[in-house]
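First the structure, in the form of structure tokens, and then the observations on it.
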Amino acid sequence: MSFIQQDVPLSWYLLLSAALFSLGVLGFLLKRNLITVFMSIELMLNAVNLSFVTFAHQWHAVKGQIFVFFVMMVAAAEAAVGLAIIIAIFRARNTLAVDRIDLMKL
Amino acid sequence: MHLILFLIFAGCCLAGAINLLVQTHPINSALSLVVVMVSLAVLYLLLGAEFLAAAQIIVYSGAIMVLFVFVVMLLNAGREERTLGSRAARVIGLPAVVVLLAVLVTTILHIQGLGAATLRQGITPTQELSRVLFHELLLPFEVTSVLVLIAILGAVALAQQEGSKPDGEERILAK
């Protein structure tokens, strides 16, 4: 019964955030598909958001949560522009493999 | 109760993130990223951020991931291929990520005075959040709305077909 009512240390949330961020970096480095690389960036943004919310909870600061809200809005804008760029690259190169997109000129 | 919910959804988060790495097809990676984001919304709720939990589900798993899945289907993206460059990234990147994780974990474990999260502490009311957002941070909010507008215009300008190459869109539509 005491196990059920136990509290969670906030460092566990931070450790989860660090693990998610590292997995995002790993995906960014290892994945070879342009869309999956972009998804890894979203994963890193989410991991950072989790630590923002954790610290906002620690210091009872509302502004930490508002910062997460701004990060979400910027991430939405970034996703729209990034996916449009991916569509433009696919039209020009006809591929999504990052190893084949290694020239800046068309 | 809090501990059990945390363990379940943290496990879902990590499993989804690992599945994102393991899967080779982009649509499977996108769906596992949805799992990560919904689990993160529950964790936000456990930390008392009810507005952010709702916004996480609506903005991330609703809007952004639908956009991702839509682009994956539009471009008919197939399985990824392994090349020589990815082997170099694996040899150099994997130790670098292990070092990064070790540095982050040791830093977090050395933080003094971190509290604990309980369900008794209650939820940050959305009224308080909106009062700070619309009184103290009104200018950043408006600037961000201009940023989103610029992003919409940029996305439309980037994705629209150039006049000189009309065959590209037909090829995509034909697939």
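Looking across region A:76-94, the residues that are more than 7 Å from chain B (Cβ to nearest Cβ) and either in contact (Cβ under 8 Å) with a residue 60 or more places away in the chain or surrounded by fewer than 19 Cβ atoms within 10 Å (Cβ to Cβ) (or both) come down to A:78, A:89, A:92, A:93, A:94. Residue A:73 meets each of the listed conditions (1) out of contact with any Ser or Thr (no Cβ under 6 Å at 6 or more places or on another chain); (2) open to solvent by 30 Å² or more (accessible area, probe 1.4 Å); (3) within 7 Å of another protein chain (Cβ to nearest Cβ) apart from (1). Within the set B:105, B:132, the sole residue that is in contact with a Lys or Arg (Cβ under 9 Å, 6 or more places away or on another chain), open to solvent by less than 50 Å² (accessible area, probe 1.4 Å), under 23 Å from residue A:10 (Cβ atoms) and facing chain A (nearest Cβ under 8 Å) turns out to be B:132.
For (1) within 9 Å of another protein chain (Cβ to nearest Cβ); (2) surrounded by fewer than 19 Cβ atoms within 10 Å (Cβ to Cβ); (3) under 13 Å from the mean Cα position of the chain (by Cα); (4) modelled with pLDDT of 95 or more, each residue gets a yes or a no:
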position	(1), (2), (3), (4)
B:1	yes, yes, no, no
B:7	yes, yes, no, no
B:21	yes, yes, no, no
B:24	yes, yes, no, no
B:28	no, yes, no, no
B:43	yes, no, no, no
B:54	no, yes, no, no
B:60	yes, no, yes, no
B:64	yes, no, yes, no
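Every listed requirement among (1) open to solvent by 50 Å² or more (accessible area, probe 1.4 Å); (2) under 22 Å from the mean Cα position of the chain (by Cα); (3) more than 30 Å from residue A:32 (Cβ to Cβ); (4) aliphatic (A, V, I, L, M) is met by residue B:123 save one, (2). Remark: residue B:68 matches the filter, which requires a residue to be touching a residue at least 12 places away in the same chain (Cβ under 8 Å) and either at positive phi or among the hydrophobic types (A, V, I, L, M, F, W, C) (or both).
The values are calculated or read from the model by the stated rules, or taken from the named source; none is laboratory data. What you see is a predicted model, and the numbers here were worked out from it, not measured in a lab. Because the Cβ atoms are built from the backbone with ideal geometry, glycine has one as well, and the counts that use them run over all protein chains shown. Just the protein is used for accessible areas: all its heavy atoms, side chains included, with ligands, DNA and RNA removed. Shrake-Rupley method; radii C 1.70, N 1.55, O 1.52, S 1.80 Å.
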